[in-house]
Structure formats: structure tokens, C-alpha cells
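Peer 1: Got a structure for you, questions after.
Nothing in this text is a laboratory measurement; each read-out follows from the coordinates by a stated rule. The model shown is predicted, which means the values in this text are computed figures rather than measured ones. Neighbour counts are summed over all protein chains in view; Cβ atoms, including those assigned to glycine, are modelled from backbone coordinates with ideal geometry.
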There are 4 protein chains.
Amino acid sequence: MPVPLQDILDRIATQMAALPDKGQVAAYIPELAQVDPNQFAIAVALPDGQVHTAGDAETRFSIQSVSKVFSLALALGRQGDQLWSRVGREPSGLPFNSILQLEHEGGIPRNPFINAGALVVTDAILDRNQPREVLGELLRFVQSAAEDSDIRINEHVARSETAHGDRNMALAHFLAAHGNLQNAPALTCGTYFHQCALEMTTRQLALAGRFLIGGPTSPQFPQLISPNSVRRINALMLTCGHYDGSGDFAYRVGLPGKSGVGGGILVIAPGRASIAVWSPGLNAQGNSQLGTLAVEQLATATGWSIFG
Amino acid sequence: MPVPLQDILDRIATQMAALPDKGQVAAYIPELAQVDPNQFAIAVALPDGQVHTAGDAETRFSIQSVSKVFSLALALGRQGDQLWSRVGREPSGLPFNSILQLEHEGGIPRNPFINAGALVVTDAILDRNQPREVLGELLRFVQSAAEDSDIRINEHVARSETAHGDRNMALAHFLAAHGNLQNAPALTCGTYFHQCALEMTTRQLALAGRFLIGGPTSPQFPQLISPNSVRRINALMLTCGHYDGSGDFAYRVGLPGKSGVGGGILVIAPGRASIAVWSPGLNAQGNSQLGTLAVEQLATATGWSIFG
Amino acid sequence: MPVPLQDILDRIATQMAALPDKGQVAAYIPELAQVDPNQFAIAVALPDGQVHTAGDAETRFSIQSVSKVFSLALALGRQGDQLWSRVGREPSGLPFNSILQLEHEGGIPRNPFINAGALVVTDAILDRNQPREVLGELLRFVQSAAEDSDIRINEHVARSETAHGDRNMALAHFLAAHGNLQNAPALTCGTYFHQCALEMTTRQLALAGRFLIGGPTSPQFPQLISPNSVRRINALMLTCGHYDGSGDFAYRVGLPGKSGVGGGILVIAPGRASIAVWSPGLNAQGNSQLGTLAVEQLATATGWSIFG
Amino acid sequence: MPVPLQDILDRIATQMAALPDKGQVAAYIPELAQVDPNQFAIAVALPDGQVHTAGDAETRFSIQSVSKVFSLALALGRQGDQLWSRVGREPSGLPFNSILQLEHEGGIPRNPFINAGALVVTDAILDRNQPREVLGELLRFVQSAAEDSDIRINEHVARSETAHGDRNMALAHFLAAHGNLQNAPALTCGTYFHQCALEMTTRQLALAGRFLIGGPTSPQFPQLISPNSVRRINALMLTCGHYDGSGDFAYRVGLPGKSGVGGGILVIAPGRASIAVWSPGLNAQGNSQLGTLAVEQLATATGWSIFG
């Protein structure tokens, strides 16, 4: 790569700042609706421990659905393939919060990244334990992955999610009606809303994603999951990580990624880097507008596609 | 890779022969229904021109939907991104021959690998030309890719497809009703049925797939499409190549692939190899039962996953 | 009824003429698109042979889907309950030309009044006979019912329907793919397009509908179907006669009816009268805008609801 | 009618007792699962105050969804046509507990007799009042209609419904997510579960249904709703009263009816009679197996079809 990575990131940040259309900030809770849409950050963590950033990379944001990657890693670590009896591995082909397919397929969500599937994953790690305990474990997992203890759950956001959580409550009761929920709907949803309220900086998110880079392990950070799980989570991120925009992301960017309604995206270049982008404005598919563009440019500039 | 590739292929072929459940041969036309389900072949073509095979790699079979990769390459070469105004790039999330989503989305098929999308692609390369002419061009494209002129279209199969083609005729009329077909439904379907009747050996298919390996070009064969198109077709194969089993294939195999109802699968290990497998028995998703298992074993043995 | 029927009809015709919003004329074929939307007619045929009319009751129009009532009567007469193995009796709950439910339910259309169901009915009366023969029989049935031989099929309309018939051709091929079509799709569709091109005046339609009045038979006209079939066709008209507006029509009018895209509606007041209305402009559900209003007013003025 | 009504009822009861297939008793709550499937009752209340019964007409049963007729009458009485901004009037065309169509149509249930629609109706009569108060009012309405104060709500059944109410809770949260619920989901559902736990005898149900007979008012009982509302509720019962079996019931019986999962059906012969049947075993559509047959025989024997 002739152009230094830092130069690429700086150039991307400059270009993003100049774009007039920054998408629409999520409006369903005030905590997200009030975020300034003019923010942008990108961070790349390399296997050797280096991190390059550009933009507002030290500003905390709500990672929302990006947290599903961490809860899935935890659930797979605990339950292994048993988890797949409760949730599928196929793209949903429908908007992310749909109950349609769930009904058609007997209460088995299509994949762990649509909301219904993520509720099942959270329900699985909750098991019979206390939410507080399980959330503590999830937080420690993320902190270990990022090697940074200054990551937390925002209680205001969690409470606001709960107050506007009818759709997820509907999904949880629906899963319960199909016998696919072990805990009370309010308990599983409460835990899920807290998980989504995880807050960190773009730099921290890039660091926290390193356990998914795979390849020869770096001595810099502990191996949190098996190489096999790394590959499988990346596969799921590629096919299902962007709701009904997953195919388009794979086509344009060519790397596994998971987006959140807070405007963050975690992207993995297998064997090469963990990438985090953040910009609060969303596109029509509910994924960060500038974030998607930025990683597309990064992938083009670095040639980091997994597709040849 | 400590174990030689040829040994890996031989071992896989031996294991496949020993498996009692070989899936169900497609039964909708007699030409497919009469194929012996006990056949199996695997072939790996490397960038340096080497080909390794095991099993019945010199037996011709009907590549059926694998042909959609070649017609898409041809269409993208001719029309570029214009093609995407007529067909989407998202996984379908529904059985491959469904009209459901097509109706919901105004006659724009979800992706070029479901039947409706493939009809649009064929309609696009047909343009205003004669079917015979266009089929000749497609055949020459495949022959060039395989560097082998002994590849042909089986007229018996094409005629049988036509006689049992009501579902595709329905799709074509439906596309026409939405203004998304340039040629008469019978013309586009006729061309499509001939395209699906392409016949070649497993070795030939592996050779024909080399143009999708990407990476530094080999002097062995001409570059048929741009590096960018290579990456994009691989991305589409990964997210949409196995109908409603695409997510599972990505999860288990970790490589882009396109299956056909004749039991063939073309799989690409970007930068490394073009792989073809063939075994006529299909699994519940309509993809080759042994073929899927075989490439899963090959990916594990070689470590050729694109996901780390 | 204190107010004479003729006065009621005259008053309704006057009110309809004064309404500014006359709906949208069907635009998919030029023969319908060119009809003057300012036309309106209403006719009531009583069991004793009397007919009262108001408006343009002597103008011919294309009865389109109203013809489904006559083809169903013919099919039931010939095949009896056997017909119900090929078509259901439930409201569709979806726009009239949808393929959705058809796919979901294995090629059995929900009822004989949605297009797919009407194609099955036409296919059933076609049996193995020539279209010309069967259309002749259908025409004679309608002429007998109206006791008027001056009713005909408009060949221009039939040909135009054929030229714009991709959606029905798609349905027919789809039915064929499910083994629910006895004749070639083009043959069944061709017959169906001619059936829909039946042309008559509003007065003639009211007369033709008398065989569905039921109750003590009038000596005025021959009994064309059994009393049991009369009741059953009326039940189907009530639950399914207005596509996805059937519930609303039952709620507002309280009488069985069948609408056509040409703006005609045949309405039955069981034991009392056969009513025809016609006005070419359609409402959002694809039923005559003024026609629906007019029969609602007629039902209110006469107290002819079947619901008490 | 040459045969006396009492003789018809006795004959029907005898025939029903002899039928071997009595359907499947609802199993989702123990209170319904434990009911003896060999019970059958029929009762006909005439406008002149006479009641004829046969079978176990003095045994109380859980009227379940038949209660939706009474809550709808109450809601229409209070809110009039305003109610229709929150719920539609079209048949659902889908199994009764489906969320599918609800999602598709922005949280507006198709009609007041599917569960989602009934929840909206209950939510509407609940308004901002206490559930206890509103349930008292509903109970008094039913008691007035039956002119019998010995009708009550079974608390055991209500509690059991609540314990197994995940699907209705999902619907309620879903309605809330679409802004179509005024009260907390648990409150509306709790009220609804109590309403469904209304318990009465078949004789009492026939008496309670007399307010829907319409026609010239009987001095025997007070007019509870307007003649217009009578007709409209009957229309809704005919098109939507038996979930996805409504068309079939209209075709076979030819009278408006509303069934409940407890095996009861209230059927109205407009201008003639209020009919109640009860037998706990259900058919594939979830309606009383023997009850449906019995009213079909009654309609045939009496000629009470509304369709001529």
C-alpha cells in the first residue's frame, strides 16, 4: 500500500465533512434524536496494536445494534452450535424490525442480527441469571476486547429505549408465545435495551473489534473466541449485518460489518484490521450514511476486499 | 499447506462415496430425474494453470443455475451499473422460485440469481438480438473462460425445460406486466432455458470459473472482466448464490459459490482457486447435498475461508 | 315502500350527476380509458317482470368482471361441488390481481371472483371444448337470463385485453405450474378475455341478473340454476364480490354484488330485485365510485338490506 | 314451515350426538382443554319471546370470541363511526391470530373480530376508565340483552388466559408501537381476557343475541342499538365472523354468525331469530365442528338463508 493509512483516513474524513447530505438521525428516542448529525469519525486498529483515527474518534456514541456482535460472541462461547436451534443464519430479506418472517417460520428468527434474533441471543446469555450480572459480564467482555475499562452502559438511553420499546416487547411476547424465550419478556427486553445502550468512542470500538480479525494471533490481546467462531461471526456480519442493505454493503464494500442505529459500524478486514466508523445520520436502510460511504472509500483505497 | 491438494481431493471423494444419504435428484424434467445420484466429482483450478480433480470429473452435467454467473458477467460487461435499475442486490430470504417478493417490490427482482432476476439478466443480454446469436456469444464466453471449445448446450434439456417452464413463464409475464421485460416472455424464457442447458464436465467448470479468482492476473488466461466486477460478482455469489441457503453456505464454507439444480456448484477462493463440485442429489434448500459437504471439507482442510 | 321505486331511481340519478368526484376510469386498455366518466345508469328488475331505470340505461358498456357471475353459474351447473376442489370460497383480503395468496396456498385461488379463481372457472367450463363453442354457450346463457338476444362480445376489447394481458397470463402459467389448469394458458386466457368483453346495457344487466333473485320462481323467465346455487352465488358475491372492498360494500350496502372494472355492478336483493348500476369512474378499491354510492342510497331508501 | 321448530332442534341434537368426529377441544388453557367434547346444545330465540332448545342448553360455557359482538355493539354505541379510524371492516383472509396483515397495514387491524381488532375495540370502550368499571358495564349490557342477571365472568378462565396470553400481549404491544392503543398493553389485554371469560348457557346466549334480529321491534326487550347498527354488525359477522372460515360459513349456512374458541356460535337470522349453538370440539378453522354443522342443518330445514 503506497499511501500511508493515516493519510487515507484523513482524506476520507475531509471528504465526508464536505458532503451536504448526512442522512437522517434516528428519532425514536430523544437521546438519539438530539445528537449532532455533523459528526464523523473513523478508526482502524491493526493486528500489531497500532490504531489510526480521523475525525471525532474520541467522542462517545451509543453503539446500539453493533452490540449484537458482542452478545453473539458471548452466546456462541457459552452454548456453541446449540444456539442455532433457536435462531437461523439466513439473511432476512425484509426491514429489520419485521414480525412477518418470524410468524411464518414458527418463532425462529432468521438470524442473530435482526431484532428478534438478537433478543433470543440476549435471552440465551441471560439464561437464569440476573440481568445485572449478565450485563456486567458483557461489559467486561467488551472492555477486555478493547483493553480499556472506560466503556459503560448509558442508563438514560436504556431507560428511554424501555419507554419506547413496544415493538421489541411485541417481538419478545411473540417469541414467548412460540416457546422461544426462557425469561419473562420484560426481563429479556430490559437486558437487551441496556446492551444496546453500550457507549464508547470510535477508537474504542475499533479496538474492541480486533478479536474478529482472525489469522495469526497477535500477542497484543488475548484470544477471546476460537478461530472457527471468528470466521462464522464474520460470515454472519457479511450476509446479515446491515438488515435489508446487507447485499448492497457486501457489493460496495466487500467486508463484513455490523451497523447500529446510533450511526456506528464495526467492519472487519479479516487478517488485516478492525475498522470502526461513526456518523449519526442514517440512510434509507437505517445504516450510517457517511459511515457506509467512508468504509467503501477505505476498502477501495486499501484494496481490503475479501472478494479478490 | 502441508497436505498436498490432490490428497485432500482424493480423501474428500472417498468420504463422499461412503455417505449413504446423497440427497434427492431434481425431478421436474426427465433429463435431470434420470441422472445417477451416485456420481461425485471435485476439481480445483489454480491461478498458475494447474487443475486437480477427483471422482467423475470428466462426466458432463447440466450446469443449470450456475450459468447465471456467466450471463451476469456478460450483462455487467455490456451494461455496467445500468443493469441495477432492473434488478436488486439483496438476498431474497425466500425459496428461489417465489413470486412473493417480486410482487411486493414492483417487478424488480431481489438479485440476479433468483429465477426472476436471472430472467431479467438474460433479457438484458438478449436486448433486441436473436436468441441464437446471444446464446452463441454466451457459449463463446464460457468456452474462452475454460479455454476449451468442447462445451455445448443440450437441446434435449432445453426443450424439456420449455415443456415444464410454466413457473418461469409466469415470472416472465409478471415482469412484463411491470414493464421490466424488453422481449416477448416466450423469447426471453426460451433463451434462458437454453442457457440453463449448458453442459460441461466438473473439470471444465473449474477452469471456466478462473476469471473470478481475481488478484494478480495470470498470464494463462485472458482477463474477461474488470477486477471490480470480479469482486462484485463474488459478493453476489456469497450473499445470494444458494437461494435461501446462502447464509448457511457462507457460515459453513466461507467462500462465494453458485449452485445449480443439476447438482453442480462453482465456488471461488478469491486470489487462490476456482473450485467446481458436482453430485446430482440435492438437499432441502435445492443445493447439491454432497457438493456442499465436499466444499465445506475442502475449505476446512485448506483454510481458504474469506472470513479470517 | 311509500315512495315509488321510479322516483327513488330518478332522485339517485340526479344526485349522482351533481357529484363532482366521479372516480378514475380504468386506464390499462384504451377501450376503457376512452369512456366518458360522466355517464351513470341504474336499473331495477323486479320478479314480476317490471324494470325501472334512470340515467344512461340504454348505453352498452363492458361488463368485465361482472361476467364472472355468469361463468360461475355455468360452471356450477355443469360440475357442481366438484368445482370447489380447484378454487376456494374465502375472501381474499388482498388486492384483486395478487399472486401472493395463490403461491401460499398451492395454486388454489381463494375464490372464483379474484382473477386467478375466475381463470380456473373459465378453464373448467372450457373443459376440452373449443373456446368459440364455450363462449357461444356463455353468451346464450346471458341472453336467456336477460331474455334479450341483443347482447354481444366486443372483439376490440377482447383483443386489447389480450395485448395487455401479461398479469393474467402470469396467473394462468402459475396455475398451470401447480397443475390447476386443464387447457393451455393462452387458450384459457383468450377465452377469459372474451368473456370479460361481454357488452350490454344497464337495463339488460339488471334483467340478466334476475335468475339470482331466488324465492318463489316467477313464470316470467326460466329457472336457470337451482335455488341452492342461487343462495350460494349470492353468498360468494357478498363475501368476495368487491375484491378488497367486499367487507365495506357489505357494511354499507348490505346486499350481494359483483363489480367490474368497466364501472358496472350487479347487485341482488334476494327475493326482491336484481339491480344494475353503471358509472365508469372507479374508487380506490377498483369498484365504480358512483355505482357504489347509488346502490347504497337505493338500499337505504328501499330498506332492502339482507341484514335486518 | 310445516315441521315445528322444536322437532327440528330435537332431530339436529340427535344427529349431532351420533356423529363420531366431534373436532378438537381448544388446548391452550386447561379450563378449555378439560371440557367434555361430547356436549352439544342449540337454542333459538324468536322475536315474540319464545325460546326453543335442545341438548345441554342449560350448561354454562366460556363464550370467548363471541363476546366480541357485545363489545363491538357497546363501542359503536359510544363512538359511532369514529371507531372505524382505528379498525377496518374487511375480511382478514388469514388465520385469526396473525400479525402479518397488521404489520402490512400500519397497525390498523382488518376488522373488529380478529384478535388485534377486538383488542382495539376493548381499548376503545376502556377509554380512560377502570377495567372493573368497564367490565361491569359490558356485563350489564349482556345481562340486559338476555334479560337475565345470572351471567358472569369466570375469574379462573380470565387468569388462565392472562398466563397464556403472550400472543395477545404481542399484538397489544404491536398496536401500541403503531400508536393504536390508548391504554397500557397489560391493561387492555387484562380487560380483554376478562371479556372473553364471559360465561353463560346456550339458552342465555340465544336470548342475549335478540338485539341483532332487527326488523319490527318486539315489546319483549329494550332496543339496545339502532337499526342501522344492527344491520352493520350482522354484515361484519357474515364477512368476518369465522376468521378464515367466514366465506365457507356464509356459503354453507347463509346467516351472519360469530364463533368462539369455547365452541359457541351466535347466529342471527335477520328479522326471524337469534340462534345459539355450542359444542366444544373445533374444526380446522377453529370454529365449533358440530355447531357449524347444526346451524347448517337448521338453515336448510327452516329456509332461513339471507341469500334467497
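Peer 1: With springs only between Cα atoms under 10 Å apart, run a GNM on chain C and tell me which of C:292, C:14, C:202 wobbles the most.
Peer 2: C:14
Peer 1: Can you give the Rg to Rh ratio of segment C:225-308, both from alpha-carbon atoms, with Rh computed by the Kirkwood formula?
Peer 2: In segment C:225-308, Rg relative to Rh is 0.94.
Peer 1: Name the chain B residue with the Cβ nearest the axis that maps B onto A: which is it, and what is the distance in angstrom?
Peer 2: Nearest to the symmetry axis by Cβ: B:93, 1.
Peer 1: If you line up the long axis of helix C:131-146 against the longest principal axis of chain C, both from Cα atoms, how many degrees apart are they, to the nearest 10?
Peer 2: Here the helix axis deviates by roughly 20 degrees.
Peer 1: Still on this structure: Would you mind working out the magnitude of the charge dipole of the protein assembly as shown relative to its Cα centre, with +1 at each Lys and Arg C-beta and -1 at each Asp and Glu C-beta, to the nearest 20 Debye?
Peer 2: Details: 84 positive and 104 negative charges, 0 e Å.
In total the dipole reaches around 0 debye.
Peer 1: Now for a separate question. Considering only the label points, 7 Å along Cα→Cβ from Cα, what distances in nm to one decimal separate residue B:10 from the same position in each other copy, shortest first?
Peer 2: 5.7, 9.1, 10.3
Peer 1: What percentage of all Cα-Cα pairs in segment A:121-212 are separated by more than 19 Å?
Peer 2: 45
Peer 1: Give the average, rounded to an integer, of partner chain Cβ atoms located within 10 angstrom of each Cβ in C:172-178.
Peer 2: Working: counts 4, 12, 8, 2, 5, 10, 3.
The per-residue average across the peptide is 6.
Peer 1: Using only the alpha-carbon atoms of segment D:104-260 as identical scatterers, what base-10 log of I(q)/I(0) does the Debye formula give at q = 0.10, 0.12, 0.18, 0.20 Å⁻¹?
Peer 2: -0.40, -0.58, -1.29, -1.46
Peer 1: For segment B:65-197, I need the span (max minus min coordinate) of the C-alpha atoms along each principal axis, in Å, sorted largest to smallest.
Peer 2: 42, 33, 28
Peer 1: So for chain C, taking the charge dipole from beta-carbon charges (+1 Lys/Arg, -1 Asp/Glu), which of C:286, C:241, C:38 sits furthest toward the positive end?
Peer 2: The one lying farthest along the dipole's positive direction is C:241.
Peer 1: Compute the signed sum of charges (Lys and Arg +1, Asp and Glu -1) over the other residues within less than 13 Å, Cβ to Cβ, of residue D:162. Intermediate results must be reported in sequence, preceding the final value.
Peer 2: Details: positive: D:159, D:167; negative: D:31, D:155, D:161, D:166.
Neighbourhood net charge equals -2.
Peer 1: Rg and Dmax in Å for the protein assembly as shown, alpha carbons only: what are they?
Peer 2: Both quantities, over Cα of the protein assembly as shown: 33.3, 102 Å.
Peer 1: If you don't mind, there's one more thing I want to ask. How large is the convex hull of the Cα atoms of segment C:1-111 per residue, expressed in Å³ as a whole number? Show your work: numbers first, answer last.
Peer 2: Numbers: hull volume 20.8 nm³, N = 111.
Cα convex hull per residue, to the nearest whole number: 188 Å³.
Peer 1: Another one. At a threshold of 8 angstrom on Cα-Cα distance, excluding pairs fewer than six apart, so keeping six or more, what relative contact order does chain D reach in percent?
Peer 2: Once divided by the residue count of chain D, the mean separation gives 27 percent.
Peer 1: Using only the Cα atoms of segment D:11-60, each taken as one equal point scatterer with no solvent, compute I(q) by the Debye sum, divide by I(0), and report log10 of the ratio at q = 0.18, 0.26, 0.28 Å⁻¹.
Peer 2: -0.70, -1.02, -1.08
Peer 1: Here's a follow-up. With a cap of 13 neighbouring Cβ atoms within 10 Å, and only residues DSSP puts in a loop, list the trypsin sites (Lys or Arg not before Pro) found in segment A:94-193.
Peer 2: A:128
Peer 1: Taking the Cα centroid of segment B:134-161 and of segment B:34-113, what is the distance between the two, rounded to the nearest whole Å?
Peer 2: 15
Peer 1: If you place +1 on the Cβ of every Lys and Arg, -1 on the Cβ of every Asp and Glu, and leave all else neutral, what size is the dipole of segment B:154-237 about its Cα centre, to the nearest 20 Debye? Walk me through the numbers before you get to the answer.
Peer 2: Values: 6 positive and 4 negative charges, 72 e Å.
It works out to roughly 340 debye.
Peer 1: 7 Å along Cα→Cβ for the label point: how many nanometres lie between residue A:184 and each equivalent label in the other copies, listed shortest first?
Peer 2: 1.2, 6.8, 6.9
Peer 1: May I ask you to derive the relative contact order of segment D:65-198, considering only C-alpha pairs under 8 Å and at least 6 residues apart, and to give it as an integer percent?
Peer 2: Reported relative contact order: 30 percent.
Peer 1: If you line up the long axis of helix D:67-79 against the longest principal axis of chain D, both from Cα atoms, how many degrees apart are they, to the nearest 10?
Peer 2: Once rounded, the angle reads 60 degrees.
Peer 1: Related question: How big is the dipole moment of chain B about its Cα centre under a simple scheme where the beta carbon of each Lys and Arg is +1, that of each Asp and Glu is -1, and everything else is neutral? Debye, nearest 20, please.
Peer 2: In total the dipole reaches around 500 debye.
Peer 1: Taking a label point 7 Å out from Cα toward Cβ, give me the nm distances from residue D:24 to the same spot in the other copies, shortest first, one decimal.
Peer 2: Ordered by distance, the counterparts are at 2.4, 4.4, 4.5 nm.
Peer 1: Please compute the Kirkwood hydrodynamic radius of segment B:268-308 from all pairs of different C-alpha atoms, in Å with one decimal.
Peer 2: Values: mean 1/r = 0.0908 Å⁻¹.
That comes to 11.0 Å for segment B:268-308.
Peer 1: How far is helix D:115-126 tilted off the main Cα axis of chain D, in degrees rounded to 10, range 0 to 90?
Peer 2: Here the helix axis deviates by roughly 70 degrees.
Peer 1: Quick check on the protein assembly as shown: helices-only [θ] at 222 nm, where DSSP H runs of length 4 and up contribute -39,500 (n - 2.57) each and the sum goes over total residues. Nearest 500, please.
Peer 2: It lands at -13500 deg cm²/dmol.
Peer 1: Something else: Give me the Å³ per residue figure for the convex hull around the C-alpha atoms of chain D.
Peer 2: Per residue, the Cα convex hull of chain D comes to 114 Å³.
Peer 1: OK, next. Here is the link list: C:258/D:22; A:258/B:258; A:258/B:68. Which ones come out longer than 27 Å on Cα distance? Walk me through the numbers before you get to the answer.
Peer 2: Values: C:258/D:22 37 Å; A:258/B:258 25 Å; A:258/B:68 29 Å.
Result: C:258/D:22; A:258/B:68 exceed 27 Å.
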